Amino acid sequence: MKRTVTAFVSLMLAAAFWGCAEDNSSLQSATESEVHSFSMVTLGDSIAAGYGLESPEEQRYSALLAQQLTDETVIWQDYNYAVSGDTADEMLKRLENGRAVRLPSADVITISIGANHMLQPFAAFYGVWLSEDLKASAGTDRAFAEMETAIAEGLAEFEKQLPLIYEHITDRNPDAQIILLTVYNPFAHVEAEITLSDEKRSLNAYAEEMIGKCNAIIRSFAQQHDAVSVADIHAAFGEHEKTPVIGQISEKNEAYMDPHPNAEGHAIIAEVIGQLITGENDA
């Protein structure tokens with residue numbers, strides 16, 4: 001089904017172009033007379049749920065994607081089952097409890113998971129970091145060490161749960177195109193340092209290192225399964241001068257941080273996934 005959906009959408013695009021020629025009028029009539037319906041199931045965490053947007057059901061990437069793929073010959077329905085705060089193990093539990101009821105009939109399944117295995121430990125550290133006034137202290141050192149341990153354990157759990165999520169999905173729907181999203185770096189353009197008693201760590205560089213480990217798990221898994229594609233959101237966000245998130249650390253307001261994608265960020269995600277579905281980025 002991965003190739004079938006991509007090929008069909010590509011055919012619709014070709015038909016729309018070549019339909020202008022007189023000798024292809026029969027193809028144009030055939031495509032215009034039929035309306036095909038596809039469905040997309042969106043799984044994930046707060047990123048997929050559209051946390052922080054003014055109108056999540058309209059602005060999140062899955063809604064934008066369904067709208068962009070729909071035309072006079074093709075209708076796409078999006079069924080979004082994302083839950084803010086979910087880690088991979090929590091997602092699996094929800095799937096096993098029957099949350100994604102449309103999963104068996106989906107043509108495309110997108111998965112945004114893994115970020116919370118890093119961001120949740122970082123949020124705990126961030127609170128201590130702020131309370132210590134961003135300076136070196138025993139409390140900051142201890143919180144940083146605890147964060148590193150929690151991230152390592154979280155990534156190990158992510159690597160363990162991802163195959164189980166895949167197995168659950170393919171047992172119920174062996175034909176769907178599965179798209180895994182890489183994790184972007186919300187601090188890619190943040191010039192801030194984590195000051196510890198024995199060293200200083202660049203927040204940007206440290207986040208990139210941890211996120212790189214998570215994305216390595218995602219890419220390695222996808223390489224082992226033909227039905228899985230990777231939507232490289234990390235690379236797409238990295239092309240922008242300013243990371244398209246709701247809010248991040250700044251010199252003016254050190255206490256404000258919201259790493260979730262803003263409306264522009266969701267539009268970028270929708271574009272990247274859309275290219276995989278339509279086959280626009282195929283070599």
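Compute the FRET efficiency between Asn97 and Ala124 as 1/(1 + (r/R0)^6), taking r as their Cβ-Cβ distance and R0 = 41 Å, and round to the nearest 0.05. List each step's numbers first, then the result.
Numbers: r = 27 Å, r/R0 = 0.67.
My answer for the efficiency is 0.90.
What number, in percent, do you get for the relative contact order of the range 144-239 if the mean sequence gap of Cα pairs under 8 Å and at least 6 apart is divided by its residue count? Display every interim value, and only then the final one.
Working: 82 pairs, mean separation 33.6, N = 96.
Relative contact order for the range 144-239 comes out at 35 percent.
Solvent exposure of the range 140-283, expressed per residue, is 48 Å² of accessible area, with all protein chains present and a 1.4 angstrom probe. Backbone amide hydrogens, once placed in the peptide plane, bring Asp78 within less than 5 Å of Met40, excluding anything fewer than 5 places away on its chain. Site pair Glu54 and Thr170 shows an inter-label distance of 4.3 nm when each label is modelled 7 Å from Cα along Cα→Cβ.
Site pair Gln77 and Glu132 shows an inter-label distance of 5.3 nm when each label is modelled 7 Å from Cα along Cα→Cβ.
The values are calculated or read from the model by the stated rules, or taken from the named source; none is laboratory data. These numbers were taken from a predicted model, which means no experiment stands behind them. Note that each Cβ is placed from the backbone with ideal geometry, even for glycine, and that neighbours are counted across all protein chains shown. The area values use the complete protein model at the heavy-atom level, side chains included, leaving out ligands, DNA and RNA. Shrake-Rupley method; radii C 1.70, N 1.55, O 1.52, S 1.80 Å.
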